[in-house]
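Structure first, commentary second.
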Amino acid sequence: MQTIWQDLRYGARMLLKNPGFTLIAVMTLALGIGANTAIFSLTDQILLRLLPVERPEELVVLRSPGPKGGKVWSDGDDAASFSYPMYKDLRDRGNNVFSGLLARFAIPLSVAGAGQTERADGELVSGNYFDVLGVRPDLGRVFNQEDDRAPGAHPVIVLSHAYWTRRFGADPAILNKTLMVNGTLMTVIGVSREGFRGVQVGQTPDVFIPMMMKAQMTPNWNGLDDHNDYWLAIMGRLKPGMSRARTEEAVRPGYRSILEDELPLKSRLRAETRQRFLEKRILLDDGSKGRQILQVDAKKPFLILMGMASLALLIACANVANLLLARGAARQREIAVRMALGAWRWRLMRQFLLESLLLSLIGGAVGLVVAAWTIQGLVASIPPSVGALGLSTDLNPRLLGFALALSTLTGLLFGVAPAARATRLNLEATLREQGSSVSGGLSSVRFRKALVVSQIVLTTVLLVGAGLFARSLNNLNRLDLGLRADHLIAFSVAPELNGYSPLRTIAFFDDLRQGIAALPGVRSVSAAEIPILTDSNSSSNVTIEGYQAQEHEDMNIYNNRIGPDYFAMMGIPLLGGREFTVADGAGGPKVAIINETAARRFFANRNPLGSHFAFGAGDKVRPDIEIVGVVKDSKHATVREEKRLFAYLPYAQKTELGRITFYARTDQDVASIAPSLRREVERRDSNLPIYDLKSLRRQADESLFNDRFLTFLSICFGLLAAALAAIGLYGVMAYTVTRRIREIGIRIALGATQGRMAWLILREVALLALAGLLAGVPLAFALGRAAESLLFGVKAGDPLIFAAASLLLALVALLGGYLPARRAAKVDPMVALRRE
């Protein structure tokens, strides 16, 4: 141990003795380790971390793929939606299969208390929710089964620890106080444990509410007794010793019995669909990390980013290894003297490895600072609409452990080969040299060149990846949305959360729409129930008058409720018929406008205007909605979406309307009109919070956040790789010129021109770059194929991208080789010949 401490002190002195070398190596490693640590932080929180509950490995998520025969509410996985009556049946009949089954459903809230009203995130949960998860309170108590017995009879809530701290300053006096939640007085009975953020990554419920309070929390929709209303997510805890496979088999008979009991309620299903309904099974997915919704879209991008960050770190390691090789060559005489005095080779190798580890640990420490800044920047850039709330920017022990392990591995990775080569020398020949030799031998030069070629290979992969993502994003930015997004501002209100009835809600919307239209600078205004470009959808199967659906034909059509003059305000061309007007209200005939895709599909050889359709299927369905217009296709849920069947209906004809998003086109800057919009809402109801106030252009940008995030980071990694490759190439070629200085002097003395000497070096640079490029192209193509599902309008083998990457690599090679070539061209033969 004492000798190791001596080696560490000696290594520290050597690093301090060469501050330039140390600074370059530390900063190179800090960038690589910092980038990897930052990406790992997000990857860990989204993809890897277990729920902070008791024995999370016992948790499962219930899914049942197949037809449902009713209305489905889903946040990304229809198979994971169940009706409340089905949940009760599974819970009561599954006592001998599961330790417990919990149910939850996320809802928006309007919370009034402490003198202000604000929008919050809520979660309806079954009475056994906290008990099944094993989550204890930090203050008061959490729910039990008695808090969830009778509909509307349990006006109690549990606050999340984060919300309690943020909104109420962690005041323990909040216990037993009442808050107005969605128009209902609710008593605070407890605060959940610190660190618990629910069971779905990216969702951070502020308030937990008993499931039996649903009718009060969603005033226009109950759903507790409807077997054909699928909206609940269910999680369960396995019994000790039971595997998921065994539990699936155990639950199958009971689930079949439940489906048989529900079959009479599915009268609208076709015979073949009824059979598939009966054959459905319960599948149990791993629930240790919670419900995997955000992870489905995030998994591949983050794996690709981790791969890119790892490649950048490998390039940094190759760079530092090159520096250590040069440093080892410069210390050959020192090494030879120590070996002549009796030092063993393994002892010298250990010292070199300890120096490398010391270097990497210092780089890792600086890398933590880089990681902290990077994490804060990345998390701050994620908009709330992405659904990735609650991500931490703290350098927790798990992250520190990762950085330490990565630093140690990095030190070994770039330290072993230089240590082995530095201590493998001809003792007698080295001692005969005068001074400290920097020759290093031909094998050392070849090894350093091999490291540079590997850097260029990895740089090729990263540059091509960056080019593919950049071109994909450019294609998305140039995509025609089918509407005009400029000078358009949007905001949402939900009067139902403040106790408004549907009729009062519609009257409020009409009055507010007229008030906004009268504002100076507002050219037009309208509204939509589902805000566009927010990845939200509503759809239903339809029966079309005069159209005979084929067996197994998908008759699902997307729909939205909109206000008068919506298409003119949005800039969506009307192809035929008319827009909705104020006359299309609750007392008027049912009307709809379809898009051109729906018109082509259902009315290929006839005029759709005046035809009728109805939502639903079966012999008892009578088409009663008249088509009064046809509009051009436009993007609705996302910028990426393909053309789809779509129908628009007046919001005034929806009997349970509770919330809406207003859109106003203005001559002013959209930011300057925002205060006026807020005042219009406050004039009518000062307790009604507005939310998601932003321009449509910003909403479109947020819709592309994943693409922007991936593109930005891939470009950063590509540029970092290119810079490191240029530095590495410069180091090798500068070393080569130094080693060949006598040869170059002789050549010039014999008549070689400066240009010829410069070309001698640049040709070698070109060969190294070409070798790296040829080896890197297949790997870059493989990366492109792996990421092709994330690209838009660009293929993995896009020749333009590969050509651009090749040109950039040529520039990198030129930058790395220019100064050594210039030095070789200006060698003085007399000085060079006297040097040795």
Check: Relative to the longest principal Cα axis of the chain, at what angle does helix 84-93 sit, 0 to 90 degrees, rounded to 10?
Finding: 80 degrees
Notebook entry, point to check: If you rank Lys88, Lys620 by how much accessible surface each has, with a 1.4 Å probe, what is the order from largest down?
Noted result: Lys620, Lys88
Note to self: Using only the alpha-carbon atoms, what does region 575-615 span along each of its principal axes? Please give whole angstrom values in decreasing order.
What the structure shows: 32, 22, 14
Checklist line | Whole-Å semi-axes of the ellipsoid equivalent to region 767-811 (Cα gyration tensor, √5λ, descending) | finding: 21, 12, 6
Margin query: Applying a 10 Å radius around every beta-carbon, put 101-107, 677-683 in order of their mean neighbour count, most first.
Written below: 101-107, 677-683
Check: If you average the sequence gap of Cα pairs under 8 Å that are 6 or more apart and divide by the length of region 28-170, what percent do you get for the contact order?
Finding: 14 percent
Check: What does the charge count near Val522 come to, summing +1 for each Lys or Arg and -1 for each Asp or Glu among other residues with Cβ under 11 Å from its Cβ?
Finding: +1
Next item on the list: Report, in degrees rounded to the nearest 10, the 0 to 90 angle that the Cα long axis of helix 502-517 makes with the longest principal axis of the chain.
Entry: 60 degrees
Item checked: Probe 1.4 Å, protein heavy atoms only - accessible area per residue of region 138-235 in square angstrom -> 37 Å²
Next item on the list: Quick one: grab the alpha carbon gyration tensor of region 598-716, order the square roots of its eigenvalues as a ≥ b ≥ c, and give me rounded if a/c is under 1.5, else prolate or oblate depending on whether a/b is larger than b/c.
Entry: oblate
Notebook entry, point to check: Using alpha-carbon pairs under 8 Å, 6+ residues apart, how would you state the relative contact order of region 679-836 in percent?
Noted result: 39 percent
Checklist line | Radius ratio Rg over Rh of region 4-89, counting only Cα atoms, Kirkwood formula for Rh | finding: 1.40
Check: With labels modelled as points extended 7 Å from the Cα through the Cβ direction, what inter-label distance (nm, one decimal) is found for Val582 paired with Arg446?
Finding: 8.8 nm
Checklist line | Within region 540-583, backbone nitrogen closer than 19 Å to the virtual label 7 Å beyond the Cα of Ala271 toward Cβ | finding: 549-553
Check: Percent of accessible area on region 642-783 owned by carbon and sulfur, 1.4 Å probe?
Finding: 58 percent
Note to self: Rounded to the nearest angstrom and ordered from largest down, what semi-axes does the equivalent ellipsoid of the chain get from its C-alpha gyration tensor (root of 5λ)?
What the structure shows: 63, 34, 25
Check: Got the relative contact order for the chain handy, in percent, Cα pairs under 8 Å and 6 or more residues apart?
Finding: 16 percent
Note to self: What are the equivalent ellipsoid semi-axes of region 170-230, built from the alpha-carbon gyration tensor (square roots of five times its eigenvalues), in whole angstrom, biggest first?
What the structure shows: 25, 18, 9
Notebook entry, point to check: To the nearest 0.05, what FRET efficiency results for Trp73 and Ala803 with a Förster distance of 45 Å applied to their C-beta separation?
Noted result: 0.40
Check: Contour minus end-to-end for Arg601 and Glu118, with contour as 0.36 nm per residue of separation and end-to-end as the Cα-Cα distance?
Finding: 169.4 nm
Notebook entry, point to check: Where does each of 608-614, 65-71 land if you order them by average Cβ count within 10 Å, highest first?
Noted result: 608-614, 65-71
Checklist line | Ordering of 477-488, 715-726, 459-470 by burial proxy (mean other Cβ atoms within 10 Å per residue, highest first) | finding: 459-470, 715-726, 477-488
Notebook entry, point to check: Put a dot 7 Å past each Cα toward the Cβ at Ala12 and Leu814; how far apart are the dots in nm?
Noted result: 4.7 nm
Next item on the list: Pull out the extension gain between Ala671 and Asn222, defined as 0.36 nm times the separation in residues minus the alpha carbon to alpha carbon distance; nm, one decimal.
Entry: 157.8 nm
Note to self: Quick check: Cα centre of region 467-534 to Cα centre of region 373-408, how many Å?
What the structure shows: 33 Å
Checklist line | FRET efficiency, 1/(1 + (r/R0)^6) with R0 35 Å, evaluated for Glu260 and Asn556 via beta carbons | finding: 0.85
Check: For the residue pair Ser536 and Glu641, what label-to-label distance in nm results when each label sits 7 Å from Cα along the Cα-to-beta-carbon direction?
Finding: 1.2 nm
Next item on the list: Relative to the longest principal axis of the C-alpha atoms of the chain, give the angle of the C-alpha long axis of helix 244-262, reported between 0 and 90° and rounded to the nearest 10°.
Entry: 20 degrees
Next item on the list: Take the alpha carbon atoms of region 508-624, find their radius of gyration, then divide it by 2.2 N^0.38 Å using N residues; give the quotient.
Entry: 1.21
Note to self: Given R₀ = 60 Å, what would the calculated FRET efficiency be for Ala507 paired with Gln754, taking r from the Cβ atoms and rounding to 0.05?
What the structure shows: 0.10
Notebook entry, point to check: Length gain on complete extension for the stretch Leu719 to Leu283, per 0.36 nm per residue less the alpha carbon to alpha carbon distance?
Noted result: 152.4 nm
Next item on the list: May I ask for the percentage of alpha-carbon pairs in region 706-823 that lie more than 24 Å from each other?
Entry: 40 percent
Margin query: Over the Cα atoms of region 671-740, each weighted equally, I'd like the Debye log10 I(q)/I(0) at q = 0.22 Å⁻¹, rounded to two decimals.
Written below: -0.95
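The values are calculated or read from the model by the stated rules, or taken from the named source; none is laboratory data. Just so it is clear, the model here is predicted, and its values are computed rather than measured. For neighbour counting, all protein chains shown are included, and Cβ atoms are generated from backbone atoms with ideal geometry for every residue, glycine included. Each accessible area value is taken on the protein alone, full model and side chains, heavy atoms only, with ligands, DNA and RNA left out. Shrake-Rupley method; radii C 1.70, N 1.55, O 1.52, S 1.80 Å.
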